[in-house]
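Peer 1: Got a structure for you, written out below as structure tokens; questions coming shortly.
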Amino acid sequence: MPHSQQNRNKIQRKKKQLEKRIIDIQRLAIKHARKKNIQPQVITLPCVALGYLRACFSPRNTGYNGLHPALRRMESQNKFPRYPIDTTRPLEIYGSDGGLLAVRSTLVDPSAINELAKAVDRLPVPKNYKFRGINRSEYKTVHYGTWAAYSPKCMVTRELRDAGDAGLEFLDSQKPIFNEMSRLLGQYAPGVFKKLQLYPVNEPAKRFVGAWMACAVNNGGNHPNQTEAHRDVKESQYGYSCVIAAGDFKGGAIVLYELGVIVDMGPGDMLLFPDALITHRNEAADGHRISIVAFTQENVYDYWHREYNMKLPRQEAKKRQNGNKK
């Protein structure tokens, strides 16, 4: 039975393991920062709040045209502040309510980043670069992992099934990088880190990308590339995704519209942010730019709700809002 005592006991044991893991991650982060005398660059945005972005969430992706005219005007007038690459310290961006909006950190292992780029180039050519007949960008994009789109059970993505052993070997070979991305999540968003890993999924689906269920593999090739402004609305407004850049390129900064900032990204840079809430795009990049985006779609949360009676953050928030109105 989905809600049996045996399953509840397993989930409680898993919860304790994850809580211990979070403590270990945060202790190691503090120890490393003290040893290296690292002081993060901390930005607090007075006019943006994480809670407000969540309250305004819409499952409809309106893209650039849905932005407030003031934000479009600021971008056209080059008024968004830019945060240059800084491999010596993380960049932390918070809202006026103290909520985490974005973190940029650097993976200090050049060999791992170089191997990531080579591994992406070795992947089999995907059968389809389009979504609903439209190319969202010049990237060649595939989705490897697990989701539960239009299905009562979790399933392995079609593109991973098509890739076969080559896709599985790629995911397995990049576990060290996925673990670093997960460590960043555990350090800065421990609640999401725990929630993403607390409940199991049905076979043959599993967590293929560290704490997350899946990843988008974006291979820019040898041409300048640029994604259109969008939000990843199929992901949870209470979650975070993480992108890591690789390859030999210049440019490709990430524009975070609701925050009014531009974050430069180089090979090895990771950016953790709630991509369901923040309209974003890449600036054009010269060279061979590759990115991996780790994510878990909201429909997997729905699966956990059905199978394990998991409390859905969006429903809990709606109850609180209704309670405040009374």
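Peer 1: If you wrap segment 183-326's Cα atoms in a convex hull and average its projection over all directions, what's the area in nm²?
Peer 2: Spelled out: convex hull of the Cα atoms, projected over all directions, averaged, 10.0 nm².
Peer 1: Further question: Picking from 22, 11, 292, which is most flexible by a Gaussian network model of the chain using Cα springs under 10 Å?
Peer 2: The residue that fluctuates most here is 11.
Peer 1: Here is a follow-up. Taking springs between alpha-carbon atoms closer than 10 angstrom, which of 33, 70, 245 fluctuates most in the Gaussian network model of the chain?
Peer 2: Maximum among the listed residues: 70.
Peer 1: Note down the net charge around residue 79, summing +1 for each Lys or Arg and -1 for each Asp or Glu among other residues with Cβ under 14 Å from its Cβ.
Peer 2: Local net charge: +2.
Peer 1: Moving on. What order, most packed first, do the peptides 37-43, 85-91, 190-196, 235-241 have when packing is the mean number of other Cβ atoms within 10 Å of each residue?
Peer 2: Order by mean packing, descending: 235-241, 190-196, 85-91, 37-43.
Peer 1: Another question, if that's okay. Can you give the Kirkwood hydrodynamic radius for segment 282-326, in Å, rounded to one decimal and based on Cα pairs?
Peer 2: 14.0
Peer 1: Right, next: Among 35/175; 31/250; 175/319; 15/319; 79/311; 140/195, which pairs are too far apart, with a Cα-Cα distance over 29 Å?
Peer 2: Those over the limit are 31/250; 175/319; 79/311; 140/195.
Peer 1: Quick one: pull the percentage of alpha-carbon pairs in segment 1-115 with a separation above 22 Å.
Peer 2: The calculated P(r) of segment 1-115 puts 62 percent of pairs beyond 22 Å.
Peer 1: Related question: If I compute mean projected area of the Cα convex hull in nm² from the structure I just sent, which labelled value in (1) 17.8; (2) 21.0; (3) 16.9 lines up?
Peer 2: Here the calculated entry is (1).
Peer 1: State the three equivalent ellipsoid semi-axes of segment 166-218, derived from the C-alpha gyration tensor as the square roots of 5 times its eigenvalues, in descending order and whole Å.
Peer 2: Listed largest to smallest, the semi-axes of segment 166-218 are 19, 15, 8 Å.
Peer 1: Quick one: 125, 103, fewest Cβ neighbours within 10 Å first, how do they rank?
Peer 2: Ascending Cβ contact count within 10 Å gives the list 125, 103.
Readers should treat all values here as calculations from the given coordinates under stated rules, not as data from a laboratory. Since the structure is predicted, the reported quantities are computational estimates derived from the model, not experimental observations. We place every Cβ from the backbone using ideal geometry, glycine too, and count neighbours over all the protein chains shown.
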